[in-house]
Amino acid sequence: MNVETLSQAFLNTIRAYVKPDIMMVKKEGRYTPISTADFAADVRAISMGLRSIGLRPGDKFIIFSENRPEWVMTDFAGLCQGAVPVPIYTSLLPDQVRYIISDSDARFVFCSGTDLLAKIQAIRSDLPQIERIIAFDPVDNPDVMPLDRLKRLGRELDARDPEAFEKTALSVRPDDLASIVYTSGTTGVPKGVMLTHANFVSNTKALDASIEFTDRDVILSFLPLSHVLERMTTFSFLYKGSTIAYAESIETVADNLVEVRPTIMISVPRLFDKFYARVMDNVLSQSALKRKIFFWALNTGKKYSSKKLNKERIPAWLAWERKLAYKLALHKIVERTGGRVRFFVSGGAPLSSEIAQFFYGVGITICEGYGLTETAPVLTFNNFEKVKLGTVGVPVPGVELKIAGDGEILAKGPNVMRGYYKLEQETKEVLKDGWFHTGDVGYIDEDGFLVITDRKKDLIVTAGGKNVAPQPIENMIKNNPYVLNAVIVGNGRKFVSALIVPDFDKLEDYARSKGIGFSARRELIDKKEIVDFMLEQVGKSTPNLASFETVKKVVLLDRDFEQELDELTPTLKVRRKIVEDNYKSVIDSIYRE
């Protein structure tokens, strides 16, 4: 079948990849397989069930759930009816959920169970257009339809009209709207990105052309399916018949990696940062001999991977040393990922070069890419054939890039959105002469690799007129073991400063080792010797910066940034304006002198 729509992709998958474990889910303490036949039957039943309760082509419906097989089944069920799924992050507050449901004109809401249903019920009276709420799990509420009942209705309708499902699925056109995905919004109100079947399918095929994955691969899914990267790669993996196993939660990923033993996983840099920090903490707690062996092994691995990445000849002695390094130390780290990983994919934010070098040195490949919700999402990708650390890769097939006069990255391709839902003016501002204006600033190097420097709106202009890109500096600072998070400030000021969230376990240990007394975090971070120490750590982590980029002062915060305070997006990116507003008095005090 020549696949041009997601409904065709589904029909192709269930015919071409008949297997006992197209999906896996944790039940009663162990991972249980879901066969292609059961997956197909459930999608068909949900799809016809939606038809039986009045869903029409073009209708919008909400998916408000954690990652699980029913999320994907419901997604495909709607797509095969020509409907438009609208995903919502489970971490959003009721007011944000209300806005998306209302703005999207959704008629139906799917939610997972009691906890998320409570969020819906709290705003139900403000959503008169909602006709039906369907719950994946059994709930004690007569106004909520259980998914099992919807599937029963679907099977009854299917029995009466067995040709309707496939006929409807094949009637969907490539230019039909496939989803409205609301941006997590680092600034302002979230916008509904309209993505077509052609947008998703073109990106699915571009990823398939960029890197090899097959029906033998096993993927661990933990990044929210509301995130367009996880959703599109789910389409991609099922398109090739790969098995998808669902992590229980983000907190259990470390355990689930060992249980599932995946060959591929999609992630954001924050997880790799945490993995790296745990490994280093463990290494530094060991004996001097074990530390020495580990760092020798890691350095050997980095030398080996550097030559491999640069396609240089690898001397026999280095190949031998790399085998010894793996046997002595590196294999233990690989085993923490299950021991079968072929590659990880990193997206959503810049990956630190230091972290990438660490993983490559260990023997784990991280393919970093770049894209946006508006581009469905992948624009560029580092793969096995074309890779350069510190970049986000080369354009995927079908995508064109160019750099505007002010450094903004512009993109063109079949994956670029139709526009923002009900926002004609905002659409015109970003889609000009066929080019999508990404809002990111960067450059294309001499080898064709894209380098991102920052968000256009995030660039800091000092009082002296110097442009400072905060993200690269923040990433360098966050590599310091004493730092959990960092935000650079200084727009319109004489110099650059940083808001620092310390890693309190390490900072408290340091304070005790130096005999610095404290009774609470607030008291600790107010001590001059601690502030001076952290400024020194920032300086060590950011060598070779220009004078105007150098952090001159730091303020230590007693808590990390929080989604509940709107300081972080659901994908854990900092909302810079909100943070600066929340800490305005603190920032003002830095410059008062």
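The Cα trace of segment 418-569 gives Rg and Dmax of 19.3, 64 Å, the first to one decimal, the second as a whole number.
Annotation: amide H of residue 63 within the under-5 Å range of 86, 88, 110, sequence separation 5 or more or interchain, hydrogens built in the peptide plane.
Dipole size of the chain about its Cα centre, with +1 on Lys/Arg Cβ and -1 on Asp/Glu Cβ: approximately 1640 debye, rounded to the nearest 20. For residue 179, the residues whose amide H sits under 5 Å from its own are 195, ignoring neighbours fewer than 5 places away on the same chain, with H placed 1.01 Å from N.
Given all pairs of different Cα atoms, what value in angstroms does the Kirkwood hydrodynamic radius of segment 382-505 take? All intermediate terms of the calculation are to be shown ahead of the outcome.
Numbers: mean 1/r = 0.0593 Å⁻¹.
This gives a value of 16.9 Å.
What translational diffusion coefficient, in µm²/s and rounded to a whole number, does the Stokes-Einstein relation yield for segment 165-257 at 25 °C and a viscosity of 0.890 mPa s, taking the hydrodynamic radius as the Kirkwood radius over Cα pairs?
Reported coefficient: 162 µm²/s.
What relative contact order, as a whole-number percentage, does the chain give when Cα pairs under 8 Å and 6 or more residues apart are counted? It rounds to 11 percent for the chain. Annotation: peptides 582-591, 210-219, ranked by per-residue average of other Cβ atoms within 10 Å with the highest first, follow the order 210-219, 582-591.
The slack between residue 563 and residue 209, meaning 0.36 nm per residue of separation minus the straight C-alpha distance, is 123.8 nm.
How long is the gain from residue 508 to residue 161 if the chain were fully straight, where each residue apart is worth 0.36 nm and the alpha carbon distance is subtracted?
Answer, rounded to one decimal: 118.1 nm.
Between 0 and 90 degrees, the angle of helix 6-16 with respect to the longest Cα principal axis of the chain falls at about 80 degrees. The share of Cα pairs per 5 Å bin across segment 314-408, counted from zero up to the longest distance, runs 3, 11, 18, 19, 18, 13, 8, 5, 5, 2, 0 percent. When the P(r) of segment 139-213 is calculated, the portion above 14 Å amounts to 78% of the C-alpha pairs.
Comparing 20, 288, 590 along the charge dipole axis of the chain, the residue lying farthest to the positive side is 288, per the Cβ-charge model. Our helix-only sum for the chain, with -39,500 (n - 2.57) per DSSP H run of n ≥ 4 divided by its residues, gives a mean residue ellipticity at 222 nm of -12000 deg cm²/dmol.
Between residue 340 and residue 152, the simple label model (points 7 Å from Cα in the Cβ direction) yields a spacing of 3.8 nm. Loop-located GluC sites (Glu not before Pro) in segment 491-589 (DSSP state other than H, G, I, E, B) with a sparse environment of at most 14 neighbouring Cβ atoms within 10 Å: 562, 564. Site pair residue 353 and residue 249 shows an inter-label distance of 3.8 nm when each label is modelled 7 Å from Cα along Cα→Cβ. With semi-axes defined as the square roots of five times the eigenvalues of the C-alpha gyration tensor, the equivalent ellipsoid of segment 510-567 measures 23, 20, 9 Å, largest first. When both bridge partners sit in segment 6-172, DSSP labels roughly 25% of those beta bridges antiparallel. Quick check: the angle from helix 69-79's long axis to the longest principal axis of the chain, C-alpha only, nearest 10 degrees? The angle comes out at about 60 degrees.
Taking a point 7 Å from the Cα of residue 95 along the Cα-to-Cβ direction, the residues of segment 530-571 with backbone N closer than 17 Å to it are 562-570.
Please grab the % of Cα pairs in segment 243-353 that end up more than 17 Å from each other. Summing the P(r) tail past 17 Å for segment 243-353 gives 63 percent.
What's the local net charge at residue 196, with K and R +1, D and E -1, over the other residues with C-beta under 13 Å away? That sum, taken over residues with Cβ under 13 Å, equals -2.
Here the mean projected area of the convex hull built on the C-alpha positions of segment 193-306 is 9.3 nm². Applied to segment 524-531, the Karplus parametrisation 6.51 cos²θ - 1.76 cosθ + 1.60 on θ = phi - 60° returns per-residue 3J(HN,Hα) values of 4, 6, 8, 6, 4, 5, 6, 4 Hz, with x for Gly and Pro.
Taking a straight line from the alpha carbon of residue 466, these lysines sit under 27 Å away, with near neighbours fewer than eight places off in the same chain left out: 402, 456, 457, 478, 494, 540, 552, 553, 573, 577, 584. Normalised by 2.2 N^0.38 Å, where N counts its residues, the alpha-carbon radius of gyration of segment 6-172 equals 1.02.
Applying the Karplus relation 6.51 cos²θ - 1.76 cosθ + 1.60 with θ = phi - 60° to segment 111-119 yields 3J(HN,Hα) values of 9, 6, x, 4, 5, 6, 4, 4, 5 Hz, where x marks Gly and Pro. If you average the sequence gap of Cα pairs under 8 Å that are 6 or more apart and divide by the length of segment 109-268, what percent do you get for the contact order? For segment 109-268, the relative contact order is 14 percent.
Using only alpha-carbon positions in segment 408-451, the gyration tensor eigenvalues give semi-axes of 24, 11, 7 Å once each is multiplied by 5 and square-rooted (largest first). Along segment 268-273 the Karplus relation, 6.51 cos²θ - 1.76 cosθ + 1.60 evaluated at θ = phi - 60°, assigns HN-Hα couplings of 10, x, 4, 5, 5, 4 Hz to successive residues, with x for each Gly and Pro. If one puts a single equal scatterer on every Cα of segment 19-94 and applies the Debye formula without solvent, what log₁₀ I(q)/I(0) results at q = 0.18, 0.19 Å⁻¹? Taken in order of the listed q values, log10 I(q)/I(0) reads -0.79, -0.85.
Working ranking of peptides 457-469, 335-347 by packing, defined as the average number of other Cβ atoms within 10 Å per residue, highest first, is 335-347, 457-469. Per residue, the convex hull spanned by the Cα atoms of the chain measures out at 176 cubic angstrom.
Length gained on full extension, residue 467 to residue 522: 16.5 nm, using 0.36 nm per residue less the C-alpha separation.
Taken together, the values in this text are just the output of simple stated rules run on the coordinates, not laboratory data. Only a predicted model underlies this, so the values are computations on that prediction, with no experimental measurement involved. Backbone-built Cβ (ideal geometry, glycine too); neighbour counts: all protein chains shown.
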